[in-house]
Amino acid sequence: MTRTKHGRPAHHWRRDVVELAALFTAVAVADAVANMIGHGPGGPALLVISAVVLVATAGFHIWWARRHNHAPPVAHDIGARPPSPAEQAGHGPAPAAAATPPGTPAGTTSLWRMRTTVRDEPGSLAALCGVFAARRVDILSLQTHPLADGTVDEFLLRAPEELPAAEITRAIAHAGGSGTWIERADAHDLVDAPTRILGLATRTALDASELPLALRHLLGRCTIRSLPAATRNAAPPLPADGALEETVLRLHGPDGETITVERPYLPFTPTEFARARALVELDTRLGPRVPRSQDVLTLPEGNSITVRRADTDDVPAAVAMHARCSARTLGMRYHGPVHDADRYLGHLLSPRFGRTLAVRTASGRIVGLGHLLWDGDETEVALLVEDDWQRRGIGGHLLGRLVAMAVEAGCESVYAVTQASNTGMVAAMRGLGLPLDYQIEEGTLVITARLEATPVSSRPPYDGLRSHETVAGPRPRTEG
């Protein structure tokens, strides 16, 4: 087989010259032998000697050809796949199917997010790339996080499905990587980092309740907690720019609170710390804000109500609604006596800690509240409907809307804390049509809905409650 070099045939002129010289020599020797046999007395002996010489020449030619392969060597780039034993023996490349286990669809791949720490010196990244190339792993994106004593490289990889994560991490360790962390990725990770960060900043700018979600999307699986300024006197003072402590970030919140972000599996880098601080500063500068859209709904008896987002401006109307609720209704919601409603309603209605939906009558009175609260790495839902407005489908509608918001926010589950005697809340959770888990904790019923199933609709399971339209405009005035 004729080999090529740089796309052109490789002409081996030295081999041609040797073969031509051998041909001329053979012709000359044959002519001399014929003359000697025909004119000399020792013709038969000379014939035998000539045969021996020809056989020895042919054997030497064969040995020379095998010992010195005239084909140009195959260039192997850094990290290229080494030739298999079959290829080294001259049988050609191994078939592609040999690399795929039986039963695995050809060409299937998986996405991985990987982070490793390497020395900050020339060639360290090339060594990692060589490891990936040798295993047919494609680098889709790369981010570098400089450290004082090295560099953290974060990769988005596309690897053959049959390649296990353990083999990747083992090979990375041999190439100089340390502290390697790897997990499965999905299509959402294909968005490049600047685009993703700008999208998170936009969501935060439109809605103050998006800050915890934006931080979670930015930093991965983590737990976010907020410590109010009034309760942090015993803690050491926090520097003006916040603090970075391995797997814990501490930042000054928009309302003077301390925001703590913690993840157990991976230390934060200075780059991640700077990005998180920038998001918190953006939220602080913009101040409290909520979208102003609202839905107009019709109850079974024909009355119209509106459902919209609420914030701390609605605290007076919410306090007035609590005053009209019976002790039993408040006990079902708060699991005990209610004191200083205006104080804790300021927390519940703050967009910093979640989202709240308020149900208003045509006169502007609040008759129902639904809360979606960020609780560390979990999400809680809670409902309160005024006594005179219960059993009209309002609670079911609020719960459906809140769960739909949780699905949009990427929450994996939501839980409600109630009592077994609260048949209305239990029925509303069942009406979601989602898988539910029940757990009794100290006489309290905790119902958890898993959201990996088909997302629920905001329409409640009551035929009589209908949504007429969604409008956007100035917020209605609050009336007590």
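Filter the stretch 371-394 for residues that are closer than 19 Å to PRO435 by Cα and out of contact with any Lys or Arg (no Cβ under 8 Å at 6 or more places or on another chain); which is most open to solvent (accessible area, probe 1.4 Å)?
GLU378
Given the stretch 149-228, what helices (runs of 4 or more DSSP H) lie entirely inside it while holding 3 or more residues that are within 30 Å of MET405 (Cα to Cα), of a type in the set (A, V, I, L, M) and open to solvent by less than 20 Å² (accessible area, probe 1.4 Å)?
Working: elements: 165-174, 193-206, 211-219.
Because the criterion is at least 3 residues that are within 30 Å of MET405 (Cα to Cα), of a type in the set (A, V, I, L, M) and open to solvent by less than 20 Å² (accessible area, probe 1.4 Å), the helices (runs of 4 or more DSSP H) in the stretch 149-228 that meet it are 211-219.
Would you point out the residue of the stretch 353-399, among those that are touching a Gly at 6+ places or on another chain (Cβ under 9 Å) and hydroxyl-bearing (Ser, Thr, Tyr), that is nearest to ARG221 (Cα to Cα)?
THR379
crowded, with 16+ Cβ neighbours inside 10 Å and under 27 Å from ALA274 (Cα atoms), is that true of ARG113?
Judged against the criteria, ARG113 is a match.
Residue by residue through the stretch 273-303, note down the ones that are open to solvent by 10 Å² or more (accessible area, probe 1.4 Å), acidic (Asp, Glu) and within 19 Å of HIS217 (Cα to Cα).
Listed by number, the list holds a single entry, GLU281.
Of the residues ARG221, ARG203, ARG196, which is within 13 Å of ARG275 (Cβ to Cβ), modelled with pLDDT under 85 and basic (Lys, Arg)? Walk me through how you get there before you give the answer.
Details: ARG221 fails: within 13 Å of ARG275 (Cβ to Cβ); ARG203 fails: within 13 Å of ARG275 (Cβ to Cβ).
Going through ARG221, ARG203, ARG196 in turn, the sole match is ARG196.
For HIS347, state whether it is crowded, with 19+ Cβ neighbours inside 10 Å and outside any loop (DSSP other than H, G, I, E, B). First the steps, then the outcome.
Values: crowded, with 19+ Cβ neighbours inside 10 Å: no; outside any loop (DSSP other than H, G, I, E, B): yes.
The answer is no for HIS347.
Does ILE168 satisfy the condition of being in contact (Cβ under 8 Å) with a residue 40 or more places away in the chain, over 19 Å from VAL118 (Cβ atoms) and in contact with a helix residue (DSSP H, G or I) (Cβ under 9 Å, 6 or more places away or on another chain)?
Details: in contact (Cβ under 8 Å) with a residue 40 or more places away in the chain: yes; over 19 Å from VAL118 (Cβ atoms): no; in contact with a helix residue (DSSP H, G or I) (Cβ under 9 Å, 6 or more places away or on another chain): yes.
Taking the combined requirement at face value, the residue does not satisfy it.
Quick check on the stretch 279-302: of everything there that is farther than 22 Å from ARG401 by Cβ and hydrophobic (A, V, I, L, M, F, W, C), which residue is farthest from the chain's Cα centre (by Cα)? Even if it seems obvious, please write down each step before you answer.
Applying the first criterion (farther than 22 Å from ARG401 by Cβ) to the stretch 279-302 yields 279-287.
With the extra rule that they be hydrophobic (A, V, I, L, M, F, W, C), the set shrinks to 279-280, 282, 286.
Details: LEU279: 19, VAL280: 22, LEU282: 24, LEU286: 28 Å.
In this case the residue turns out to be LEU286.
The values are calculated or read from the model by the stated rules, or taken from the named source; none is laboratory data. Fair warning: this is a prediction, and the values are worked out from it, not measured in the lab. No Cβ is skipped: glycine too gets one built from the backbone with ideal geometry, and neighbour counts run over all protein chains shown. Heavy atoms of the whole protein, side chains included, go into the accessibility calculation; ligands, DNA and RNA do not. Shrake-Rupley method; radii C 1.70, N 1.55, O 1.52, S 1.80 Å.
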